[in-house]
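Here's the structure we're looking at; comments come further down.
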Amino acid sequence: MSPSSDELIQAPRHGRRILIIWAVLAVIATPLLVIFLAPHLPPGDATVQARNQQVINTIFMAMVTPIVLAVVVYVFYSFIVFKDRSDDRPDSPVLRGDRRVTVLWIIGTCLIVAFVVPYGTWQWMGPGVGSGSAQGPKPIAVPDGKILEVQVIGQQWQFTYRYPSFGGIETQELVIPENQYVGFHVTSLDVNHSFWAVGLGVKADAVNGADNVVFAKATRPGPFKIRCAELCGLWHGQMYQQGARVVSATTFQTWIDKQIELNEGLIQYLPPYAHTYFPQPFYRGD
Amino acid sequence: MVLLTVFVGAFVIYIAAFARQRPPSVTVTQGPNGEVTLVLQTVGSLGHGGHPDWPSFLVQQKDGSWEQSTIFNLPAHSTVHVKVLEYDTQTGLRNNFFAQPQGLVDNALTVDGETVTGADIIKTYEPSLAAHTWTVPGLGVSVPFVGVENDAPNQCTLAPCNTTQAHRTIEFIIKTGKPGHFRWQCIVPCAPGGFLFGNGGPMQTVGFMDGYVNVA
(Lines give C-alpha, C1' and ligand atoms only; values in the text may rest on other atoms or scores of the structure.)
Protein backbone atom coordinates (compact mmCIF):
# COMPACT_ATOMS: atom_id res chain seq x y z
CA MET A 1 0.00 0.00 0.00
CA SER A 2 1.48 3.34 -0.98
CA PRO A 3 1.43 6.18 1.51
CA SER A 4 -1.44 8.55 1.00
CA SER A 5 -0.88 12.10 -0.10
CA ASP A 6 -1.86 13.24 3.41
CA GLU A 7 0.83 11.04 4.93
CA LEU A 8 3.43 12.40 2.56
CA ILE A 9 2.47 15.93 3.48
CA GLN A 10 2.86 15.03 7.19
CA ALA A 11 6.26 13.38 6.64
CA PRO A 12 8.51 16.42 7.25
CA ARG A 13 7.12 16.67 10.78
CA HIS A 14 8.93 13.46 11.64
CA GLY A 15 12.20 15.09 10.81
CA ARG A 16 11.39 18.06 12.98
CA ARG A 17 10.34 15.83 15.86
CA ILE A 18 13.52 13.77 15.59
CA LEU A 19 15.54 16.96 15.52
CA ILE A 20 13.86 18.32 18.64
CA ILE A 21 14.21 15.06 20.61
CA TRP A 22 17.86 14.81 19.58
CA ALA A 23 18.60 18.44 20.45
CA VAL A 24 17.02 18.16 23.90
CA LEU A 25 18.85 14.94 24.70
CA ALA A 26 22.17 16.25 23.36
CA VAL A 27 21.93 19.47 25.35
CA ILE A 28 21.23 17.50 28.54
CA ALA A 29 23.55 14.50 28.04
CA THR A 30 26.69 16.19 26.72
CA PRO A 31 27.37 18.51 29.69
CA LEU A 32 26.35 15.78 32.14
CA LEU A 33 28.91 13.39 30.65
CA VAL A 34 31.59 16.06 30.56
CA ILE A 35 30.96 17.03 34.18
CA PHE A 36 30.49 13.61 35.75
CA LEU A 37 32.20 11.04 33.49
CA ALA A 38 35.15 12.97 32.06
CA PRO A 39 37.14 13.18 35.34
CA HIS A 40 37.11 9.38 35.45
CA LEU A 41 38.23 8.83 31.86
CA PRO A 42 41.56 7.04 31.42
CA PRO A 43 44.43 7.53 31.85
CA GLY A 44 43.68 9.98 34.67
CA ASP A 45 45.59 13.10 35.53
CA ALA A 46 48.62 11.88 37.46
CA THR A 47 51.01 13.33 34.88
CA VAL A 48 50.93 16.24 32.45
CA GLN A 49 50.89 13.74 29.59
CA ALA A 50 48.03 11.72 31.09
CA ARG A 51 46.05 14.91 31.64
CA ASN A 52 46.57 15.89 27.99
CA GLN A 53 45.25 12.51 26.91
CA GLN A 54 42.29 12.86 29.26
CA VAL A 55 41.48 16.26 27.77
CA ILE A 56 41.57 14.72 24.29
CA ASN A 57 39.29 11.92 25.43
CA THR A 58 36.91 14.43 27.00
CA ILE A 59 36.68 16.56 23.88
CA PHE A 60 36.20 13.53 21.67
CA MET A 61 33.49 12.27 24.01
CA ALA A 62 31.74 15.64 23.91
CA MET A 63 31.88 15.58 20.12
CA VAL A 64 30.74 12.02 19.69
CA THR A 65 27.84 12.18 22.17
CA PRO A 66 25.49 14.19 19.86
CA ILE A 67 26.41 11.95 16.93
CA VAL A 68 25.67 8.76 18.86
CA LEU A 69 22.43 10.30 20.14
CA ALA A 70 21.39 11.25 16.59
CA VAL A 71 21.76 7.64 15.45
CA VAL A 72 20.07 6.21 18.54
CA VAL A 73 17.14 8.67 18.43
CA TYR A 74 16.60 8.07 14.72
CA VAL A 75 16.69 4.27 15.11
CA PHE A 76 14.34 4.18 18.09
CA TYR A 77 12.02 6.76 16.57
CA SER A 78 11.80 4.63 13.44
CA PHE A 79 11.17 1.45 15.44
CA ILE A 80 8.32 3.05 17.33
CA VAL A 81 6.69 5.47 14.90
CA PHE A 82 7.20 3.76 11.57
CA LYS A 83 6.19 0.31 12.75
CA ASP A 84 3.60 -1.13 10.38
CA ARG A 85 0.75 -2.27 12.59
CA SER A 86 -1.60 -3.29 9.80
CA ASP A 87 -2.31 -6.95 9.00
CA ASP A 88 -1.51 -6.78 5.35
CA ARG A 89 2.13 -6.59 4.34
CA PRO A 90 2.31 -4.58 1.13
CA ASP A 91 5.58 -3.55 -0.47
CA SER A 92 7.18 -0.58 1.23
CA PRO A 93 7.41 2.68 -0.67
CA VAL A 94 10.50 3.05 -2.78
CA LEU A 95 13.44 4.39 -0.80
CA ARG A 96 15.11 7.40 -2.31
CA GLY A 97 18.28 9.08 -1.21
CA ASP A 98 18.14 12.57 0.18
CA ARG A 99 20.93 14.60 -1.29
CA ARG A 100 20.73 17.28 1.39
CA VAL A 101 21.22 14.72 4.17
CA THR A 102 24.05 13.03 2.30
CA VAL A 103 25.88 16.32 1.67
CA LEU A 104 25.31 17.46 5.24
CA TRP A 105 26.66 14.16 6.59
CA ILE A 106 29.78 14.24 4.40
CA ILE A 107 30.56 17.89 5.16
CA GLY A 108 29.90 17.37 8.87
CA THR A 109 32.13 14.33 9.20
CA CYS A 110 34.87 15.97 7.12
CA LEU A 111 34.83 19.01 9.38
CA ILE A 112 35.00 16.82 12.48
CA VAL A 113 37.96 14.85 11.12
CA ALA A 114 39.63 18.07 9.95
CA PHE A 115 39.48 19.27 13.55
CA VAL A 116 40.14 15.98 15.34
CA VAL A 117 43.32 15.00 13.50
CA PRO A 118 45.37 18.19 13.95
CA TYR A 119 44.00 18.92 17.42
CA GLY A 120 44.49 15.34 18.66
CA THR A 121 47.99 15.20 17.21
CA TRP A 122 48.90 18.57 18.71
CA GLN A 123 47.67 17.64 22.16
CA TRP A 124 49.09 14.13 21.98
CA MET A 125 52.50 15.41 21.00
CA GLY A 126 52.38 17.61 24.07
CA PRO A 127 54.07 20.78 22.83
CA GLY A 128 56.66 21.81 25.38
CA VAL A 129 55.95 18.84 27.65
CA GLY A 130 56.85 15.86 25.44
CA SER A 131 54.71 12.89 24.56
CA GLY A 132 53.65 9.90 26.62
CA SER A 133 53.62 7.90 23.41
CA ALA A 134 56.77 6.41 21.96
CA GLN A 135 58.74 8.56 19.54
CA GLY A 136 61.71 6.36 18.71
CA PRO A 137 65.34 7.27 19.47
CA LYS A 138 65.12 10.90 18.27
CA PRO A 139 61.92 12.35 19.71
CA ILE A 140 60.28 15.28 17.96
CA ALA A 141 58.35 16.51 20.98
CA VAL A 142 60.79 17.08 23.82
CA PRO A 143 59.90 18.79 27.11
CA ASP A 144 61.46 22.09 28.01
CA GLY A 145 63.74 21.98 31.02
CA LYS A 146 65.76 19.39 32.90
CA ILE A 147 64.94 15.76 32.18
CA LEU A 148 65.73 12.80 34.45
CA GLU A 149 66.69 9.88 32.24
CA VAL A 150 65.45 6.44 33.29
CA GLN A 151 66.08 3.38 31.19
CA VAL A 152 63.43 0.68 31.04
CA ILE A 153 64.84 -2.75 30.17
CA GLY A 154 62.36 -5.42 29.13
CA GLN A 155 63.35 -9.06 29.41
CA GLN A 156 61.40 -12.24 29.63
CA TRP A 157 59.54 -11.64 31.96
CA GLN A 158 60.40 -8.64 34.04
CA PHE A 159 61.17 -4.96 33.62
CA THR A 160 64.25 -3.52 35.30
CA TYR A 161 65.31 0.13 35.42
CA ARG A 162 68.61 1.96 35.14
CA TYR A 163 69.31 5.48 36.36
CA PRO A 164 72.30 6.86 34.36
CA SER A 165 72.39 10.07 36.40
CA PHE A 166 73.16 7.99 39.47
CA GLY A 167 76.06 5.89 38.26
CA GLY A 168 73.93 3.67 36.03
CA ILE A 169 72.51 1.69 38.92
CA GLU A 170 69.83 -0.87 38.13
CA THR A 171 66.71 -1.53 40.17
CA GLN A 172 63.76 -3.83 40.12
CA GLU A 173 61.20 -1.20 41.06
CA LEU A 174 60.46 2.04 39.29
CA VAL A 175 60.41 5.15 41.45
CA ILE A 176 60.30 8.66 39.98
CA PRO A 177 60.13 12.11 41.57
CA GLU A 178 57.12 14.37 41.22
CA ASN A 179 57.28 17.68 39.35
CA GLN A 180 60.25 16.52 37.30
CA TYR A 181 60.30 15.57 33.64
CA VAL A 182 61.34 11.96 33.20
CA GLY A 183 62.56 10.62 29.87
CA PHE A 184 62.00 6.88 29.68
CA HIS A 185 64.38 5.14 27.30
CA VAL A 186 62.74 1.82 26.59
CA THR A 187 64.62 -1.18 25.18
CA SER A 188 64.63 -4.98 25.40
CA LEU A 189 67.19 -7.70 25.99
CA ASP A 190 65.28 -10.32 24.03
CA VAL A 191 61.88 -10.37 22.31
CA ASN A 192 59.49 -7.44 21.91
CA HIS A 193 57.79 -6.16 25.03
CA SER A 194 55.76 -3.01 25.61
CA PHE A 195 56.21 -0.77 28.62
CA TRP A 196 52.79 0.51 29.62
CA ALA A 197 52.59 2.69 32.71
CA VAL A 198 48.85 3.18 32.49
CA GLY A 199 48.44 5.90 35.11
CA LEU A 200 51.34 7.92 33.74
CA GLY A 201 49.85 8.00 30.26
CA VAL A 202 53.03 6.33 29.00
CA LYS A 203 53.32 3.48 26.53
CA ALA A 204 56.30 2.43 24.45
CA ASP A 205 57.36 -0.74 22.68
CA ALA A 206 60.51 -2.34 24.07
CA VAL A 207 62.44 -3.68 21.11
CA ASN A 208 65.86 -5.26 21.18
CA GLY A 209 68.42 -2.96 19.58
CA ALA A 210 66.07 0.04 19.68
CA ASP A 211 65.87 3.02 22.02
CA ASN A 212 62.28 4.17 22.29
CA VAL A 213 61.79 7.45 24.15
CA VAL A 214 58.72 8.69 26.02
CA PHE A 215 58.25 11.46 28.54
CA ALA A 216 56.19 12.02 31.65
CA LYS A 217 55.97 14.61 34.37
CA ALA A 218 54.14 13.44 37.46
CA THR A 219 52.06 16.05 39.21
CA ARG A 220 51.50 14.28 42.52
CA PRO A 221 52.91 11.37 44.56
CA GLY A 222 51.21 7.99 44.40
CA PRO A 223 51.48 4.43 43.10
CA PHE A 224 50.97 3.41 39.50
CA LYS A 225 50.83 0.11 37.68
CA ILE A 226 53.08 -1.18 34.94
CA ARG A 227 52.07 -3.82 32.43
CA CYS A 228 53.59 -5.43 29.39
CA ALA A 229 51.29 -4.72 26.44
CA GLU A 230 53.00 -6.99 23.89
CA LEU A 231 52.41 -10.74 23.91
CA CYS A 232 55.91 -11.89 24.83
CA GLY A 233 55.79 -15.52 25.89
CA LEU A 234 54.73 -17.82 28.69
CA TRP A 235 54.62 -15.32 31.54
CA HIS A 236 53.48 -12.29 29.54
CA GLY A 237 50.30 -12.18 31.61
CA GLN A 238 52.40 -12.06 34.77
CA MET A 239 54.63 -9.28 33.52
CA TYR A 240 53.01 -6.56 35.52
CA GLN A 241 54.45 -4.64 38.34
CA GLN A 242 52.88 -3.09 41.34
CA GLY A 243 54.79 -0.92 43.73
CA ALA A 244 55.96 1.53 41.10
CA ARG A 245 55.42 4.98 42.52
CA VAL A 246 55.84 8.72 42.24
CA VAL A 247 57.41 10.26 45.33
CA SER A 248 58.51 13.66 46.52
CA ALA A 249 61.97 14.89 45.53
CA THR A 250 63.28 14.29 49.06
CA THR A 251 61.91 10.75 49.26
CA PHE A 252 63.33 10.03 45.82
CA GLN A 253 66.79 11.15 46.93
CA THR A 254 66.60 8.90 50.00
CA TRP A 255 65.45 5.98 47.90
CA ILE A 256 68.08 6.44 45.21
CA ASP A 257 70.83 6.73 47.87
CA LYS A 258 69.73 3.37 49.26
CA GLN A 259 69.74 1.83 45.78
CA ILE A 260 73.27 3.13 45.20
CA GLU A 261 74.31 1.44 48.43
CA LEU A 262 72.59 -1.82 47.44
CA ASN A 263 74.25 -1.67 44.00
CA GLU A 264 77.70 -1.26 45.51
CA GLY A 265 78.82 -4.79 44.68
CA LEU A 266 76.78 -5.06 41.51
CA ILE A 267 77.67 -1.91 39.61
CA GLN A 268 81.05 -3.07 38.34
CA TYR A 269 79.40 -6.12 36.74
CA LEU A 270 76.74 -4.15 34.90
CA PRO A 271 77.60 -3.18 31.32
CA PRO A 272 78.44 0.50 30.73
CA TYR A 273 75.22 2.44 30.35
CA ALA A 274 74.02 2.44 26.75
CA HIS A 275 70.69 2.98 25.05
CA THR A 276 70.68 -0.55 23.64
CA TYR A 277 72.38 -3.80 24.57
CA PHE A 278 73.29 -6.85 22.53
CA PRO A 279 71.70 -9.94 24.09
CA GLN A 280 74.73 -11.80 25.38
CA PRO A 281 74.81 -14.75 25.97
CA PHE A 282 72.57 -15.40 23.01
CA TYR A 283 71.71 -18.92 24.12
CA ARG A 284 72.86 -21.74 26.36
CA GLY A 285 76.62 -21.95 26.74
CA ASP A 286 77.14 -19.14 24.19
CA MET B 1 27.48 -37.77 10.92
CA VAL B 2 28.15 -40.07 13.88
CA LEU B 3 31.74 -40.53 12.79
CA LEU B 4 32.19 -36.78 12.48
CA THR B 5 30.75 -36.23 15.98
CA VAL B 6 33.08 -38.87 17.43
CA PHE B 7 36.04 -37.32 15.62
CA VAL B 8 35.24 -33.78 16.78
CA GLY B 9 34.59 -35.00 20.34
CA ALA B 10 37.90 -36.86 20.46
CA PHE B 11 39.71 -33.83 19.07
CA VAL B 12 38.17 -31.52 21.70
CA ILE B 13 39.07 -33.96 24.51
CA TYR B 14 42.63 -34.22 23.20
CA ILE B 15 43.03 -30.44 23.07
CA ALA B 16 41.52 -30.02 26.55
CA ALA B 17 43.80 -32.72 27.97
CA PHE B 18 46.82 -31.11 26.30
CA ALA B 19 45.91 -27.68 27.65
CA ARG B 20 45.47 -29.04 31.16
CA GLN B 21 48.77 -30.90 31.14
CA ARG B 22 50.83 -30.06 34.20
CA PRO B 23 53.71 -31.73 35.94
CA PRO B 24 52.86 -33.13 39.38
CA SER B 25 53.09 -30.73 42.30
CA VAL B 26 55.33 -31.75 45.17
CA THR B 27 54.36 -30.86 48.71
CA VAL B 28 57.12 -29.98 51.11
CA THR B 29 56.01 -30.62 54.65
CA GLN B 30 57.44 -29.51 57.96
CA GLY B 31 59.86 -31.80 59.74
CA PRO B 32 59.58 -32.95 63.37
CA ASN B 33 61.19 -29.73 64.61
CA GLY B 34 59.06 -27.49 62.42
CA GLU B 35 61.77 -27.03 59.80
CA VAL B 36 60.91 -27.05 56.12
CA THR B 37 63.48 -28.21 53.61
CA LEU B 38 63.11 -28.06 49.84
CA VAL B 39 65.75 -30.09 48.04
CA LEU B 40 66.15 -29.55 44.31
CA GLN B 41 68.53 -30.58 41.59
CA THR B 42 69.01 -28.91 38.25
CA VAL B 43 70.26 -30.83 35.28
CA GLY B 44 71.62 -29.68 31.93
CA SER B 45 69.70 -32.33 30.03
CA LEU B 46 67.11 -34.76 31.28
CA GLY B 47 68.39 -37.56 29.07
CA HIS B 48 64.94 -39.09 28.61
CA GLY B 49 61.29 -38.26 27.86
CA GLY B 50 59.93 -36.05 25.10
CA HIS B 51 62.71 -33.47 25.45
CA PRO B 52 65.86 -35.34 26.47
CA ASP B 53 68.15 -32.38 25.71
CA TRP B 54 66.24 -29.83 27.78
CA PRO B 55 67.50 -28.63 31.16
CA SER B 56 65.13 -29.16 34.05
CA PHE B 57 64.52 -29.07 37.77
CA LEU B 58 63.85 -32.13 39.89
CA VAL B 59 62.59 -32.14 43.44
CA GLN B 60 63.37 -34.67 46.14
CA GLN B 61 60.40 -36.38 47.69
CA LYS B 62 59.98 -37.66 51.25
CA ASP B 63 61.32 -41.13 50.40
CA GLY B 64 64.47 -39.61 48.87
CA SER B 65 63.45 -40.29 45.28
CA TRP B 66 63.52 -37.54 42.62
CA GLU B 67 60.51 -36.25 40.74
CA GLN B 68 60.75 -34.01 37.68
CA SER B 69 58.56 -31.15 38.80
CA THR B 70 58.58 -27.39 39.08
CA ILE B 71 55.44 -26.96 41.17
CA PHE B 72 56.29 -26.76 44.85
CA ASN B 73 53.77 -26.54 47.68
CA LEU B 74 55.21 -24.73 50.69
CA PRO B 75 53.62 -23.90 54.04
CA ALA B 76 52.73 -20.25 54.65
CA HIS B 77 54.59 -18.08 57.17
CA SER B 78 57.48 -20.54 57.32
CA THR B 79 61.22 -20.49 57.12
CA VAL B 80 62.24 -22.69 54.22
CA HIS B 81 65.75 -24.11 53.84
CA VAL B 82 66.42 -24.64 50.17
CA LYS B 83 69.21 -26.93 49.03
CA VAL B 84 70.05 -27.11 45.34
CA LEU B 85 72.31 -29.70 43.78
CA GLU B 86 73.42 -27.92 40.62
CA TYR B 87 74.64 -30.35 37.94
CA ASP B 88 74.43 -28.02 34.95
CA THR B 89 77.31 -26.08 33.44
CA GLN B 90 77.77 -22.32 33.28
CA THR B 91 75.91 -20.16 30.73
CA GLY B 92 75.97 -16.78 32.40
CA LEU B 93 73.34 -14.15 32.91
CA ARG B 94 72.20 -11.84 30.15
CA ASN B 95 71.30 -9.19 32.70
CA ASN B 96 73.92 -9.23 35.42
CA PHE B 97 71.50 -7.48 37.74
CA PHE B 98 70.13 -10.90 38.64
CA ALA B 99 73.50 -12.11 39.86
CA GLN B 100 72.78 -10.37 43.14
CA PRO B 101 70.52 -12.60 45.26
CA GLN B 102 67.33 -11.09 46.59
CA GLY B 103 64.98 -12.07 49.37
CA LEU B 104 67.34 -14.38 51.27
CA VAL B 105 67.39 -14.55 55.03
CA ASP B 106 70.50 -12.71 56.30
CA ASN B 107 71.30 -12.06 52.62
CA ALA B 108 73.43 -15.20 52.81
CA LEU B 109 74.23 -17.79 50.17
CA THR B 110 76.18 -20.96 50.85
CA VAL B 111 78.01 -22.62 47.97
CA ASP B 112 79.82 -25.90 48.56
CA GLY B 113 79.77 -25.25 52.31
CA GLU B 114 81.17 -21.73 52.14
CA THR B 115 78.80 -18.97 53.20
CA VAL B 116 79.05 -15.55 51.59
CA THR B 117 76.87 -12.56 52.40
CA GLY B 118 75.81 -9.24 50.89
CA ALA B 119 77.87 -7.61 48.20
CA ASP B 120 80.53 -10.32 48.54
CA ILE B 121 78.23 -12.83 46.84
CA ILE B 122 78.51 -11.26 43.40
CA LYS B 123 82.25 -10.73 43.86
CA THR B 124 82.71 -14.40 44.71
CA TYR B 125 80.32 -15.83 42.14
CA GLU B 126 80.39 -13.63 39.06
CA PRO B 127 77.36 -13.38 36.73
CA SER B 128 79.11 -15.38 34.02
CA LEU B 129 79.26 -18.42 36.31
CA ALA B 130 75.50 -18.81 36.62
CA ALA B 131 73.85 -21.91 35.26
CA HIS B 132 70.31 -21.04 36.31
CA THR B 133 68.36 -18.83 38.65
CA TRP B 134 65.33 -19.46 40.79
CA THR B 135 63.43 -16.21 40.44
CA VAL B 136 60.06 -15.84 42.18
CA PRO B 137 58.98 -12.21 41.65
CA GLY B 138 55.88 -12.55 43.81
CA LEU B 139 57.97 -13.59 46.81
CA GLY B 140 60.75 -11.09 46.05
CA VAL B 141 63.20 -13.96 45.73
CA SER B 142 65.86 -14.42 43.08
CA VAL B 143 68.88 -16.67 43.51
CA PRO B 144 71.58 -17.39 40.95
CA PHE B 145 72.97 -20.92 40.91
CA VAL B 146 76.65 -21.10 40.12
CA GLY B 147 77.22 -23.86 37.57
CA VAL B 148 79.71 -26.65 37.23
CA GLU B 149 82.85 -25.74 35.26
CA ASN B 150 82.23 -26.39 31.59
CA ASP B 151 85.17 -28.80 31.33
CA ALA B 152 84.54 -30.58 34.63
CA PRO B 153 85.01 -34.35 34.47
CA ASN B 154 82.20 -36.79 35.21
CA GLN B 155 79.32 -34.54 34.22
CA CYS B 156 75.78 -35.82 34.53
CA THR B 157 73.85 -36.42 31.31
CA LEU B 158 70.93 -38.49 32.59
CA ALA B 159 68.59 -37.34 35.34
CA PRO B 160 68.28 -37.88 38.18
CA CYS B 161 71.94 -37.22 38.85
CA ASN B 162 73.80 -38.34 41.94
CA THR B 163 76.33 -36.61 44.12
CA THR B 164 79.24 -38.67 42.82
CA GLN B 165 78.92 -36.62 39.62
CA ALA B 166 80.23 -33.10 39.11
CA HIS B 167 77.99 -30.66 40.95
CA ARG B 168 77.77 -27.57 43.13
CA THR B 169 75.74 -27.47 46.32
CA ILE B 170 73.87 -24.23 46.89
CA GLU B 171 71.97 -23.52 50.09
CA PHE B 172 69.92 -20.57 51.24
CA ILE B 173 66.95 -19.71 53.42
CA ILE B 174 63.77 -17.90 52.44
CA LYS B 175 60.63 -16.98 54.31
CA THR B 176 57.18 -17.55 52.92
CA GLY B 177 54.53 -15.04 53.78
CA LYS B 178 50.79 -15.25 53.38
CA PRO B 179 49.20 -17.90 51.17
CA GLY B 180 49.39 -17.33 47.45
CA HIS B 181 50.09 -18.78 44.03
CA PHE B 182 53.39 -17.49 42.69
CA ARG B 183 55.06 -18.21 39.38
CA TRP B 184 58.79 -18.70 39.13
CA GLN B 185 61.25 -18.86 36.30
CA CYS B 186 64.91 -19.28 35.50
CA ILE B 187 66.22 -16.07 34.01
CA VAL B 188 69.44 -17.44 32.50
CA PRO B 189 68.89 -17.99 28.75
CA CYS B 190 69.63 -21.68 29.18
CA ALA B 191 67.61 -23.20 26.34
CA PRO B 192 69.62 -25.08 23.71
CA GLY B 193 70.84 -23.16 20.66
CA GLY B 194 67.85 -23.70 18.38
CA PHE B 195 65.57 -21.42 20.39
CA LEU B 196 65.17 -17.67 19.89
CA PHE B 197 67.37 -15.75 22.33
CA GLY B 198 67.86 -18.94 24.36
CA ASN B 199 64.49 -18.31 25.91
CA GLY B 200 62.29 -20.77 24.05
CA GLY B 201 61.59 -24.45 24.75
CA PRO B 202 62.38 -25.26 28.37
CA MET B 203 62.38 -21.56 29.27
CA GLN B 204 58.74 -21.35 28.20
CA THR B 205 57.54 -24.64 29.65
CA VAL B 206 56.23 -25.34 33.12
CA GLY B 207 57.97 -28.52 34.30
CA PHE B 208 61.39 -27.49 33.00
CA MET B 209 62.56 -23.93 33.72
CA ASP B 210 59.26 -22.43 34.85
CA GLY B 211 56.87 -23.36 37.59
CA TYR B 212 54.80 -22.32 40.54
CA VAL B 213 55.29 -21.98 44.25
CA ASN B 214 52.01 -22.62 45.99
CA VAL B 215 52.10 -21.19 49.48
CA ALA B 216 49.24 -22.53 51.61
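Key figures
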{"quantity": "Checklist (1) assigned to a helix (DSSP H, G or I); (2) touching a residue at least 12 places away in the same chain (Cβ under 8 Å); (3) within 14 Å of chain B (Cβ to nearest Cβ) applied to A:GLY233, failing item", "calculated": "(1)"}
{"quantity": "Lone qualifier among A:LYS138, A:LYS146, A:LYS203, A:LYS217 - being away from chain B (no Cβ under 13 Å), touching a helix residue (DSSP H, G or I) at 6+ places or on another chain (Cβ under 6 Å) and basic (Lys, Arg)", "calculated": "A:LYS217"}
{"quantity": "Residue check, B:ASP106 surrounded by fewer than 22 Cβ atoms within 10 Å (Cβ to Cβ) and modelled with pLDDT under 90", "calculated": "no"}
{"quantity": "Number of the condition not met by B:ASN150 [criteria: (1) part of a helix (DSSP H, G or I); (2) within 20 Å of A:TYR283 (Cα to Cα); (3) not small (Gly, Ala, Ser)]", "calculated": "(1)"}
{"quantity": "Some residue of the range B:208-215 being within 14 Å of chain A (Cβ to nearest Cβ) and either hydroxyl-bearing (Ser, Thr, Tyr) or more than 11 Å from the chain's Cα centre (by Cα) (or both)", "calculated": "yes"}
{"quantity": "Subset of the range B:102-121 [free of Cβ contacts under 8 Å to residues at least 24 places away in the same chain, within 11 Å of chain A (Cβ to nearest Cβ) and either over 19 Å from B:THR79 (Cα atoms) or not polar (S, T, N, Q) (or both)]", "calculated": "B:VAL116, B:GLY118, B:ALA119, B:ASP120, B:ILE121"}
{"quantity": "Residue check, A:ASP211 within 14 Å of chain B (Cβ to nearest Cβ) and within 30 Å of A:ARG284 (Cα to Cα)", "calculated": "no"}
{"quantity": "So A:ALA70, is it assigned to a helix (DSSP H, G or I), touching a Phe, Trp or Tyr at 6+ places or on another chain (Cβ under 6 Å) and more than 30 Å from A:VAL247 (Cα to Cα)", "calculated": "yes"}
{"quantity": "Whichever residue in the range B:56-70 is crowded, with 21+ Cβ neighbours inside 10 Å and hydrophobic (A, V, I, L, M, F, W, C) and, among such residues, is nearest to B:GLN30 (Cα to Cα)", "calculated": "B:VAL59"}
{"quantity": "Any hit, the range A:247-258, residues being crowded, with 22+ Cβ neighbours inside 10 Å and touching a residue at least 12 places away in the same chain (Cβ under 8 Å)", "calculated": "no"}
{"quantity": "Residue satisfying all of: in the range B:62-101; in contact with a Ser or Thr (Cβ under 9 Å, 6 or more places away or on another chain), more than 14 Å from chain A (Cβ to nearest Cβ) and polar (S, T, N, Q); farthest from A:GLU170 (Cα to Cα) among these", "calculated": "B:GLN68"}
{"quantity": "Any hit, the range B:116-125, residues being in contact with a Lys or Arg (Cβ under 9 Å, 6 or more places away or on another chain) and under 30 Å from A:GLN242 (Cβ atoms)", "calculated": "no"}
{"quantity": "Within the range B:183-196, considering residues that are in contact (Cβ under 8 Å) with a residue 24 or more places away in the chain and either within 13 Å of the chain's Cα centre (by Cα) or assigned to a helix (DSSP H, G or I) (or both), the one farthest from B:GLN90 (Cα to Cα)", "calculated": "B:ARG183"}
{"quantity": "A:THR251 on the phi < 0 side of the Ramachandran plot, modelled with pLDDT under 95 and either away from chain B (no Cβ under 12 Å) or in a helix (DSSP H, G or I) (or both)", "calculated": "no"}
{"quantity": "Lone qualifier among A:VAL94, A:VAL129 - being aliphatic (A, V, I, L, M), within 28 Å of the chain's Cα centre (by Cα) and assigned to a loop (DSSP other than H, G, I, E, B)", "calculated": "A:VAL129"}
{"quantity": "Top-ranked residue of the range A:166-196 - restricted to ones that are in a loop (DSSP other than H, G, I, E, B) and within 18 Å of A:ALA249 (Cβ to Cβ), ranked as farthest from the other protein chains (Cβ to nearest Cβ)", "calculated": "A:ASN179"}
{"quantity": "Within the range B:21-49, tally of residues that are over 18 Å from B:MET209 (Cα atoms) and of a type in the set (D, E, K, R)", "calculated": "1"}
{"quantity": "Flag if B:ASP53 is surrounded by fewer than 22 Cβ atoms within 10 Å (Cβ to Cβ), in contact (Cβ under 8 Å) with a residue 24 or more places away in the chain, within 14 Å of chain A (Cβ to nearest Cβ) and among the acidic types (Asp, Glu)", "calculated": "yes"}
{"quantity": "Output for the range B:25-49, where each listed residue is part of a loop (DSSP other than H, G, I, E, B) and either basic (Lys, Arg) or at pLDDT 85 or above (or both)", "calculated": "B:GLY44, B:SER45, B:LEU46"}
{"quantity": "Residue within the range A:38-50 that is surrounded by 14 or more Cβ atoms within 10 Å (Cβ to Cβ) and of a type in the set (Ser, Thr, Tyr) present", "calculated": "yes"}
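Listed here are the residues, each with its yes/no results for (1) hydroxyl-bearing (Ser, Thr, Tyr); (2) modelled with pLDDT under 90.
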residue	(1), (2)
A:THR65	yes, no
A:ALA70	no, no
A:PHE76	no, no
A:SER86	yes, yes
A:ASP98	no, yes
A:CYS110	no, no
A:PRO143	no, yes
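The values are calculated or read from the model by the stated rules, or taken from the named source; none is laboratory data. Here the structure is a predicted model, which is why all the values come from computation and not from measurement. As a convention, Cβ positions derive from the backbone with ideal geometry for all residues, glycine included, and neighbour counts pool all protein chains shown.
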